[in-house]
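Novice: Questions regarding the structure given below will be posed in turn.
Here, each number is a calculation from the coordinates, and none is a lab measurement. This is a predicted model, so every value here is computed, not measured. Ideal geometry is used to build each Cβ from the backbone, glycine not excepted, and the neighbour counts take in all protein chains shown.
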Amino acid sequence: MASIEDRARSFISVLRHCQVLGITVEQADEKGLVLRLPYSESIVGNPVTGVVHGGAITTLMDTCCGISTVCFLPEFEICPTLDLRIDYMRPADPNKAIFGFAECYRITPAIIFTRGVAYQSSKQEPIAHVVGTFMRMGKPDKQGQLSRTMDGGAA
C-alpha cells in the first residue's frame, strides 16, 4: 500500500492547475498536508507591489483542503468541494513561496470537514485561515463509476 505522501503526490500530479502553478507536496502524514506554491510573476495580483493575487491563494487552499482527505481516509475517494471560506489576514510577501496546511477535523459518512492556514515563514503568522467542507462521493470502481450518488444512495 502506498504511503500517505505518495498518495498525495499521485493526486496532485493529475491536477492540471497544480502543474501550471507549480504546486507541490511538501509533507503529508496522519496529521495533515502541506503544499507549496512557488512565487512567480503569473500569480501576481498587483504588478506595482508584487503582491500575490488572492485567487492563487484560494486555489492553493482549496486544493490543500481537498487533498488533505487522503491523509485521513483509508482509500482514495472523490470528494468535491461543497463550501470553502477563507479569511485573509494579511497580504503575502512578494518573492516568497506560500505554504498551505490543511487537516480534516471531522469525517462523517457523507461530509468531510477541513481547516487550514496559508503562511510563508510560520503558521503562527498566517496569510489566511480556511475552513472547507467536502462531499464524500465514494471511490470509483474499475469502470470509473462511483459507489454513491449525489443524494448519498447507492449508485
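Novice: Can you tell me which residue in region 1-24 is farthest from residue 70 (Cα to Cα), limited to those that are touching a residue at least 40 places away in the same chain (Cβ under 8 Å) and β-branched (Val, Ile, Thr)? Quick ask: steps written out before the conclusion?
Specialist: If we filter region 1-24 for residues that are touching a residue at least 40 places away in the same chain (Cβ under 8 Å), which is where we start, we get 4, 7-8, 11-12, 15, 17-18, 23.
Narrowing further to those that are β-branched (Val, Ile, Thr): 4, 12, 23.
Values: 4: 7, 12: 11, 23: 17 Å.
Step by step, filter region 1-24, then rank; the result is 23.
So that you can scan it fast, the table gives a plain yes or no per residue for (1) surrounded by 15 or more Cβ atoms within 10 Å (Cβ to Cβ); (2) in contact with a Phe, Trp or Tyr (Cβ under 7 Å, 6 or more places away or on another chain); (3) β-branched (Val, Ile, Thr):
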{"residue": "48", "(1), (2), (3)": "no, no, yes"}
{"residue": "67", "(1), (2), (3)": "yes, yes, yes"}
{"residue": "83", "(1), (2), (3)": "no, no, no"}
{"residue": "90", "(1), (2), (3)": "no, no, no"}
{"residue": "117", "(1), (2), (3)": "yes, yes, yes"}
{"residue": "123", "(1), (2), (3)": "no, yes, no"}
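Novice: State yes or no: is residue 68 of a type outside the set (Asp, Glu), within 22 Å of residue 117 (Cβ to Cβ), out of contact with any helix residue (DSSP H, G or I) (no Cβ under 8 Å at 6 or more places or on another chain) and without any contact (Cβ under 8 Å) to a residue 60 or more places away in the chain?
Specialist: Numbers: of a type outside the set (Asp, Glu): yes; within 22 Å of residue 117 (Cβ to Cβ): yes; out of contact with any helix residue (DSSP H, G or I) (no Cβ under 8 Å at 6 or more places or on another chain): yes; without any contact (Cβ under 8 Å) to a residue 60 or more places away in the chain: yes.
Yes: the conditions hold for residue 68.
Novice: Inside region 92-105, can you point out the residues that are loosely packed, with under 12 Cβ neighbours inside 10 Å and either closer than 15 Å to residue 55 by Cα or hydrophobic (A, V, I, L, M, F, W, C) (or both)?
Specialist: none
Novice: Could you please find all residues in region 1-39 being surrounded by 11 or more Cβ atoms within 10 Å (Cβ to Cβ) and part of a loop (DSSP other than H, G, I, E, B)?
Specialist: Within region 1-39, 2, 15, 22, 23, 31, 38, 39 qualify.
Novice: Considering only residues that are of a type in the set (S, T, N, Q) and under 13 Å from residue 12 (Cα atoms), which ones fall in region 50-90?
Specialist: Of the residues in region 50-90, the ones of a type in the set (S, T, N, Q) are 58-59, 63, 68-69, 81.
Answer for region 50-90, where residues must be of a type in the set (S, T, N, Q) and under 13 Å from residue 12 (Cα atoms): 59, 63, 68, 69.
Novice: Let me ask something additional. Select from region 40-60 the residues that are touching a residue at least 12 places away in the same chain (Cβ under 8 Å) and assigned to a helix (DSSP H, G or I) and write down the one among them that is nearest to the chain's Cα centre (by Cα).
Specialist: Residues of region 40-60 that are touching a residue at least 12 places away in the same chain (Cβ under 8 Å), as a first pass: 40, 42-44, 49-52, 54, 56-60.
When the remaining residues are screened for being assigned to a helix (DSSP H, G or I), the result is 42-43, 54, 56-60.
Working: 42: 20, 43: 17, 54: 15, 56: 12, 57: 10, 58: 9, 59: 8, 60: 6 Å.
Restricting to residues being touching a residue at least 12 places away in the same chain (Cβ under 8 Å) and assigned to a helix (DSSP H, G or I), the top hit is 60.
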